[in-house]
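Beneath this line is the structure, given in structure tokens, with notes to follow.
The values are calculated or read from the model by the stated rules, or taken from the named source; none is laboratory data. In this text, all values refer to a predicted model and were calculated from it rather than measured experimentally. We place every Cβ from the backbone using ideal geometry, glycine too, and count neighbours over all the protein chains shown. Please note that ligands, DNA and RNA were not included when accessible areas were found on the heavy atoms of the full protein model with its side chains. Shrake-Rupley method; radii C 1.70, N 1.55, O 1.52, S 1.80 Å.
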Amino acid sequence: MDFTTLDHIACFVDLSWFKSDHAAWAWYIGEPLLSFGQLTPAEVVRLFQESGIVSLNDWVTERELGGFQ
């Protein structure tokens with residue numbers, strides 16, 4: 001699966017987290033995540049494909065439950 005649209009990103013993150021579609025896209029392509037060795041979500045998906053998506057889902061769930069990075 002090619003994660004190049006917001007619809008695809010919505011598979012693993014609730015877009016209501018963001019103030020706009022632009023902010024969601026900026027996070028996906030530009031926000032380094034400490035838990036993933038400073039990789040952006042896009043890099044995690046590109047490098048690890050399905051297992052990266054599962055890991056991002058787990059990371060998002062942990063944030064939603066109040067966990068910190």
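Dipole magnitude for the chain: computed about the Cα centre from +1 point charges on Lys and Arg Cβ and -1 point charges on Asp and Glu Cβ, it is near 160 debye. Structural descriptor for the chain: relative contact order 24 percent, calculated from alpha carbon pairs under 8 angstrom and at least 6 residues apart. Once backbone amide H atoms are built at 1.01 Å from N, F12 has no partners under 5 Å, excluding neighbours fewer than 5 places away on the same chain.
Amide H to amide H distances under 5 Å link L33 with Q38, L39, T40, where only residues 5 or more positions off or on other chains count and H is placed in the peptide plane.
In the complete set of protein chains, residue-level accessible area for E62 is approximately 90 Å², probe 1.4 angstrom. Extension gain for I29 to N57 (0.36 nm times residue separation, less C-alpha to C-alpha distance): 8.5 nm. In the chain, helices alone account for a calculated mean residue ellipticity at 222 nm of -17500 deg cm²/dmol, with every DSSP H run of four or more residues adding -39,500 (n - 2.57).
Converting phi to 3J(HN,Hα) with the Karplus coefficients 6.51, -1.76 and 1.60 and the offset θ = phi - 60°, the range 14-31 yields 6, 5, 5, 4, 10, 6, 7, 4, 4, 5, 5, 5, 4, 4, 4, 9, x, 9 Hz in sequence order, with x at every glycine or proline. Residues W25, W17, W59 ordered from highest to lowest accessible area at a 1.4 Å probe: W17, W25, W59.
With only the Cα atoms considered, the chain has a convex hull volume of 78 Å³ per residue. The candidates F18, F12, arranged from most to least accessible area with a 1.4 Å probe in the full protein assembly, appear as F18, F12.
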